[in-house]
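Novice: Dumping the structure here so I can ask a few things about it.
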Amino acid sequence: MRTAIETAAGVASGELSAVDVVEESLGVIADRDDEIHAFNTVVAERAREAAAGIDSRIANGEDVGPLAGVPIALKDNMCTSGIDTTCSSRILEGWKPPYDGTVVQKLAAAGAVLVGKTNLDEFAMGSSTENSAFGPTRNPLDPSLVPGGSSGGSAAAVAANMVPLSFGSDTGGSIRQPAALCGTVGLKPTYGAVSRYGLIAFASSLDQIGPFTSTVADAAVAFEAVAGFDPRDSTSIPEPVPSAVDALGAGAAGLRVGVISELMGEGIEGFEPDVLARTREAADALAAAGATVEEVSLPSMIYGLSAYYLIAPAEASSNLARYDGVRYGNRVTEGSSTADMMIATRTAGFGPEVKRRIMLGTYALSAGYYDAFYGKAQRVRTLILNDFNAAYEKFDVLLSPTSPCVAFPFGAKSDPLTMYLNDVCTIPSNLAGHPAISVPFRTGAGGLPVGVQILGPLLGEAAIFRAAAVLEAAA
Ligand code: GLN
């Protein structure tokens, strides 16, 4: 399949028609999505109309933007005006937002054509897309395996060549981990670099939107298309966002790379040997390209998981209070009181993992436990940030596996704690607000793709793209 860059160049020059490109994309979806279930909703007619509009503007000599005619898919937790936005939850089934999120608007302005909304773990809570109320997504590389999560549908849509570009959200790894398991590139930008206006909140101090692509260059272009200050997101960064595209050809000469000891199986167990071996090879590849590579210890890394699984549920318990059958959510009427109605609505509307998170979060925030759990987790968060800041005085980027394992079978991690352990490498950057990218780097057990993670400091996207391009070439 053509990359996003190739598609946009072809459409802009008139060599390709946007209508044909979108038809191709819809054809692959029709062929494969009954099995894969990457999509919750496909908006074929809207996509055809949008593509025809792009073609006629190009025929009129207009510049339609850097993503001219590129078919895209969006995780079904991003508000799209008049198009179902469900978070893969029964409680929002059939809900059509009255507005487009900022990212949705920016992508349309860049010439991209929305073909549909992708499946996810309900409210983005999970690491395998098995928690969707509408059934799981399958990994296009092997349908007996999970695609990762929570943005499993977006990862699968790119891996199955349904679209060259999709977007997900990453609260604790939900872009990078499915990217790794499906063999695509996945970027979690700096917190505040991409507006979250119109992204349905899970954990507001952690959530970020970012792209899935088949190449590093596509990810750079996609990032630049959606990044930038937005007055409608109070956490948006007012400074200009660094250029990722300009960094692509810079090479690794002189780049200072630190390999995080704690995420290389020292101190944290459960890493597959192949995954560690590929990560070491990636470090060697950067060294061969002229980078200086050293191991570095970030001792607080091992507490990231515990801190995250208090902070994220705490924020979720507050964010999800709005689904009560009055403000939002499909109402179930039962009993004679408003309270009975709300209980019935939430009991019927939320799946087991969402309920678990709400209970964990409510508990962690309750009087008498707040200091011991939530307060302590916030102090751990500061320690993690301090460790990162100390490391970035010596290094431009850090390196680790993205996921401790390759794609796994359905049901293999059925107890919640085992599933949570999958996020050990990705969570620290969310807690710090730092950017990180997963790049496919060769294969591990069963010939399945391994993702290597490159982490950078605040607004360090240029450095991570520099390293990512080198790894892609070496892979
Ligand atoms: N797997 C993590 C969780 O379940 C991360 C999810 C995400 O990034 N949205 O919370």
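The values are calculated or read from the model by the stated rules, or taken from the named source; none is laboratory data. Fair warning: this is a prediction, and the values are worked out from it, not measured in the lab. Positions of Cβ are generated from backbone atoms using ideal geometry, with glycine treated the same way; all protein chains shown enter the neighbour counts.
Novice: For region 315-353, which positions are farther than 13 Å from Ala201 by Cβ and within 16 Å of the ligand (Cβ to nearest atom)?
Specialist: Phe350, Gly351, Pro352, Glu353
Novice: For region 244-252, check the following and say yes or no: at least one residue is surrounded by fewer than 18 Cβ atoms within 10 Å (Cβ to Cβ), away from the ligand (no atom under 16 Å from the Cβ) and aliphatic (A, V, I, L, M).
Specialist: yes
Novice: Name the single residue, out of those in region 190-203 being closer than 15 Å to Met78 by Cβ and in contact with an Asp or Glu (Cβ under 8 Å, 6 or more places away or on another chain), that is surrounded by the most Cβ atoms within 10 Å (Cβ to Cβ).
Specialist: Phe202
Novice: Now, a different point. Do the conditions hold for Thr402, that is, is it within 16 Å of the ligand (Cβ to nearest atom), surrounded by 24 or more Cβ atoms within 10 Å (Cβ to Cβ) and under 30 Å from Gly135 (Cβ atoms)?
Specialist: In short, yes.
Novice: Quick one: how many residues across region 208-238 are of a type outside the set (S, T, N, Q), part of a strand (DSSP E or B) and within 21 Å of Ala473 (Cα to Cα)?
Specialist: 2
Novice: Among (1) loosely packed, with under 14 Cβ neighbours inside 10 Å; (2) closer than 30 Å to Phe408 by Cα; (3) modelled with pLDDT under 95, where does Glu239 come up short?
Specialist: Result: Glu239 passes all but (2).
Novice: Which residue is surrounded by the most Cβ atoms within 10 Å (Cβ to Cβ), if the candidates are limited to region 415-458 and must be among the hydroxyl-bearing types (Ser, Thr, Tyr) and within 14 Å of the ligand (Cβ to nearest atom)?
Specialist: In this case the residue turns out to be Ser438.
Novice: Suppose we filter Val241, Val275 for residues that are touching a residue at least 60 places away in the same chain (Cβ under 8 Å), hydrophobic (A, V, I, L, M, F, W, C) and not in a helix (DSSP H, G or I); which single one remains?
Specialist: Only one candidate qualifies: Val241.
Novice: Looking at Ala412, Ala391, which one is surrounded by fewer than 21 Cβ atoms within 10 Å (Cβ to Cβ), of a type in the set (A, V, I, L, M, F, W, C), within 16 Å of the ligand (Cβ to nearest atom) and at pLDDT 95 or above?
Specialist: Criteria check complete, one pass: Ala412.
Novice: Please indicate, with yes or no, whether at least one residue in region 177-192 is within 13 Å of the ligand (Cβ to nearest atom), touching a strand residue (DSSP E or B) at 6+ places or on another chain (Cβ under 8 Å), in a loop (DSSP other than H, G, I, E, B) and more than 21 Å from Ala469 (Cα to Cα).
Specialist: yes
Novice: While we're on this one: Which residue pairs have Cβ atoms closer than 6 Å, lie 6 or more positions apart in sequence or on different chains, and pair a first residue in region 280-298 that is more than 16 Å from Val470 (Cβ to Cβ) and among the acidic types (Asp, Glu) with a second residue that is at pLDDT 95 or above and in a helix (DSSP H, G or I)?
Specialist: Once the first residue is more than 16 Å from Val470 (Cβ to Cβ) and among the acidic types (Asp, Glu) and sits in region 280-298, its partners that are at pLDDT 95 or above and in a helix (DSSP H, G or I) give Glu295/Ser261.
Novice: Mind listing whichever residues of region 10-22 are surrounded by fewer than 16 Cβ atoms within 10 Å (Cβ to Cβ) and in a helix (DSSP H, G or I)?
Specialist: Listed by number, the residues that qualify are Ser13, Asp20.
Novice: Then there is this: Search region 360-381 for residues that are among the hydroxyl-bearing types (Ser, Thr, Tyr) and pair each with any residue that is assigned to a loop (DSSP other than H, G, I, E, B) when their beta-carbon atoms are under 8 Å apart and the residues are at least 6 apart or on different chains.
Specialist: Tyr363/Tyr369
Novice: In region 198-209, is there at least one residue being β-branched (Val, Ile, Thr), over 15 Å from the mean Cα position of the chain (by Cα) and within 27 Å of Gly304 (Cα to Cα)?
Specialist: No: region 198-209 contains no residue that is β-branched (Val, Ile, Thr), over 15 Å from the mean Cα position of the chain (by Cα) and within 27 Å of Gly304 (Cα to Cα).
Novice: If you go through region 68-76 one residue at a time, do you hit one that is in a helix (DSSP H, G or I) and either of a type in the set (D, E, K, R) or out of contact with any Leu (no Cβ under 9 Å at 6 or more places or on another chain) (or both)?
Specialist: No, region 68-76 has no match at all.
Novice: Looking for whichever is crowded, with 16+ Cβ neighbours inside 10 Å, touching a residue at least 24 places away in the same chain (Cβ under 8 Å) and farther than 27 Å from Ala201 by Cα here; the options are Ile72, Ile58. Which one fits?
Specialist: Just one listed residue meets the conditions, Ile58.
Novice: Also: Quickly run through region 212-258 and pick out the residues that are under 24 Å from Phe388 (Cβ atoms), touching a strand residue (DSSP E or B) at 6+ places or on another chain (Cβ under 6 Å) and among the aliphatic types (A, V, I, L, M).
Specialist: Val216, Ala219, Ala227, Val241, Val257
Novice: Sort out which residues of region 40-67 are more than 24 Å from Pro211 (Cα to Cα) and not in a helix (DSSP H, G or I), and write them in order of number.
Specialist: If the condition is that a residue be more than 24 Å from Pro211 (Cα to Cα) and not in a helix (DSSP H, G or I), then Asn60, Gly61, Glu62 are the ones that fit.
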